[in-house]
Amino acid sequence: MKSGSNLEKILLAGHFAFTGELGPPRGTNVSVVREKAKHLVGMVDAVNITDNQTAMVRMSSWAASLIAMEEGLEPNYQMVCRDRNRLAMQADILGASALGIRNMLALSGDHQQFGDHPQAKGVFDIDSTQLIGMVKKMRDEGKFLGGADIDEPPKIFIGGAANPFAEPYEWRVHRLAKKIKAGVDFIQTQCIYNMERMRQWVKESVDMGLTEKVYILAGVTPMKSVGMARYMQLKVPGMDVPNAIIKRLQGVDKKKVADEGIKIACEQIEAFKEMKGVSGIHLMPIEWEHKVPEIAERAKVLPRPVV
């Protein structure tokens, strides 16, 4: 055990993990976090608390993580490299661990030009792979990045992200290998729609022996509408939405499109349960937290194991 995290215990025990996501509010309204959290309690092993996602200002990830913990959830605290230098990052990692946060996801962060403060200065002092290495050094060596000793090291289960669909495709598996070398414990992928390419990426990871060194959680986002599917296909960088998905959503009654989106997501989850090299699912409902219990039930991932 590296952290005492529930997610780590689930994965170590060989269970198929199921994580969720919760976006903090654009204000101080604590009840927004509590309302979203109540749909996730007992449904997921841990929940990602996003960090100014899409470069839009929101309640800080660590603060929303603490509120989620009060509601009975285990947070996966996200940290992006866009907004902080290594001093602030290390301070926040110590603070998060001291307050009982046991999982962290290291990300580069969406570029500020995509958000509501395009004039903001991007920090990017270190990148996401270096952030993974820094957390590992702090946890396992009890050292700050500058070399000084930490009096009591943080206890953190270290996560990273992977996108099997960004070009050039042949680099994707080597990028994963770099994050593993840096010290990542688990990986959550970009939302997946192109199952064929995902299978290829996982197979390459298995063949290279990478899946023996890291837990891969496959990203699943249910489509709510044909418009959402088209937007993700055309406008979201690094997203791979095959035409077959759009045609399938177009082929059902307008009132049933959301249900078809959930059906597709559940079919994916069933496929991932059988896929060698995949250790679980990361469900990103995108402001659809109230649907998580239904998805979890239909995907047959309940009850969650107690470890």
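The values are calculated or read from the model by the stated rules, or taken from the named source; none is laboratory data. Because the structure is predicted, anything quoted here is derived from the model rather than measured. A quick note on method: Cβ atoms are made from the backbone with ideal geometry, for glycine too, and the neighbour counts reach across all protein chains shown.
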Just give me the residues in the stretch 17-54 being more than 16 Å from H290 (Cα to Cα), among the small types (G, A, S) and outside any strand (DSSP E or B), in sequence order.
G27
Give the stretch 212-249 a look and list any residue that's loosely packed, with under 13 Cβ neighbours inside 10 Å, more than 25 Å from T19 (Cβ to Cβ) and not aliphatic (A, V, I, L, M), or say none.
G227, K235, N243, K247
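Among the listed residues L176, L145, L94, identify the single one that is buried (at least 21 other Cβ atoms within 10 Å of the Cβ), on the phi < 0 side of the Ramachandran plot and not in a strand (DSSP E or B). If you could, list the steps in order and put the result at the bottom.
On the way: L145 fails: buried (at least 21 other Cβ atoms within 10 Å of the Cβ); L94 fails: buried (at least 21 other Cβ atoms within 10 Å of the Cβ).
Exactly one of L176, L145, L94 is buried (at least 21 other Cβ atoms within 10 Å of the Cβ), on the phi < 0 side of the Ramachandran plot and not in a strand (DSSP E or B), namely L176.
Can you pull out every residue in the stretch 195-224 that is under 14 Å from A265 (Cβ atoms) and either more than 17 Å from the chain's Cα centre (by Cα) or not in a helix (DSSP H, G or I) (or both)?
At the first step, the residues of the stretch 195-224 found to be under 14 Å from A265 (Cβ atoms) are 195, 198, 218-224.
Hits for the stretch 195-224 are M195, A218, G219, V220, T221, P222, M223, K224.
Table: residues versus (1) touching a Pro at 6+ places or on another chain (Cβ under 8 Å); (2) outside any loop (DSSP other than H, G, I, E, B); (3) free of Cβ contacts under 8 Å to residues at least 60 places away in the same chain; (4) acidic (D, E).
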{"position": "M228", "(1), (2), (3), (4)": "no, yes, yes, no"}
{"position": "V241", "(1), (2), (3), (4)": "no, no, yes, no"}
{"position": "K255", "(1), (2), (3), (4)": "no, yes, yes, no"}
{"position": "D259", "(1), (2), (3), (4)": "no, yes, yes, yes"}
{"position": "A271", "(1), (2), (3), (4)": "no, yes, no, no"}
{"position": "G277", "(1), (2), (3), (4)": "no, no, no, no"}
Of the candidates F157, F144, F114, the one satisfying the condition of being at pLDDT below 95 and of a type in the set (F, W, Y) is F114
The residue from Q188, Q119, Q113 that alone is surrounded by fewer than 15 Cβ atoms within 10 Å (Cβ to Cβ) and either outside any helix (DSSP H, G or I) or under 21 Å from the mean Cα position of the chain (by Cα) (or both) is Q119
Sole miss for P168 among (1) surrounded by fewer than 17 Cβ atoms within 10 Å (Cβ to Cβ); (2) at pLDDT 95 or above; (3) not hydroxyl-bearing (S, T, Y) is condition (2)
Subset of the stretch 55-72 (residues that are more than 26 Å from V307 (Cα to Cα) and not in a helix (DSSP H, G or I)):
M56, V57, R58, M59, S60
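With respect to M59, is the statement that it is touching a Pro at 6+ places or on another chain (Cβ under 6 Å), among the aliphatic types (A, V, I, L, M) and either surrounded by 24 or more Cβ atoms within 10 Å (Cβ to Cβ) or over 23 Å from D185 (Cβ atoms) (or both) true? Step through it out loud before you land on a result.
On the way: touching a Pro at 6+ places or on another chain (Cβ under 6 Å): yes; among the aliphatic types (A, V, I, L, M): yes; either surrounded by 24 or more Cβ atoms within 10 Å (Cβ to Cβ) or over 23 Å from D185 (Cβ atoms) (or both): yes.
Yes, satisfied.
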Condition first: charged (D, E, K, R) and either in contact with an Asp or Glu (Cβ under 7 Å, 6 or more places away or on another chain) or closer than 28 Å to K300 by Cβ (or both). Now tell me which residues in the stretch 22-73 satisfy that.
R34, E35, K36, K38, D45, E71
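Restricting to the stretch 271-295, what's the tally of residues that are more than 17 Å from the chain's Cα centre (by Cα) and within 17 Å of M43 (Cβ to Cβ)? Spell out the reasoning first.
Applying the first criterion (more than 17 Å from the chain's Cα centre (by Cα)) to the stretch 271-295 yields 271, 273-277, 290-291, 293-295.
Okay, now just the ones that are also within 17 Å of M43 (Cβ to Cβ), so 273, 290-291, 293-295.
Count: 6.
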I'm told I295 meets every condition in (1) crowded, with 21+ Cβ neighbours inside 10 Å; (2) in contact with a Pro (Cβ under 7 Å, 6 or more places away or on another chain); (3) farther than 24 Å from G72 by Cβ except one. Can you identify the failing condition by its number?
(3)
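What are the residues in the stretch 11-23 that are within 20 Å of I156 (Cβ to Cβ), of a type outside the set (D, E, K, R) and within 16 Å of the chain's Cα centre (by Cα), if any? First the steps, then the outcome.
Within the stretch 11-23, the first condition is being within 20 Å of I156 (Cβ to Cβ), and the residues that meet it are 11-13, 17, 19-22.
So of that shortlist, the ones also of a type outside the set (D, E, K, R) come out as 11-13, 17, 19-20, 22.
The answer is L11, A17, T19, G20, L22.
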Enumerate the pairs (first residue in the stretch 86-108 and β-branched (V, I, T); second residue anywhere and not in a helix (DSSP H, G or I)) with beta-carbon separation below 6 Å, excluding pairs fewer than 6 apart on the same chain, so at least 6 apart or on different chains.
I93/P154; I101/P75; I101/Y77
Unique match (being modelled with pLDDT under 95, hydrophobic (A, V, I, L, M, F, W, C) and over 21 Å from A218 (Cβ atoms)) among M89, M1
M1
The stretch 17-52, residues that are more than 23 Å from G160 (Cα to Cα) and of a type in the set (V, I, T):
T28, V30, V32, V33, V41
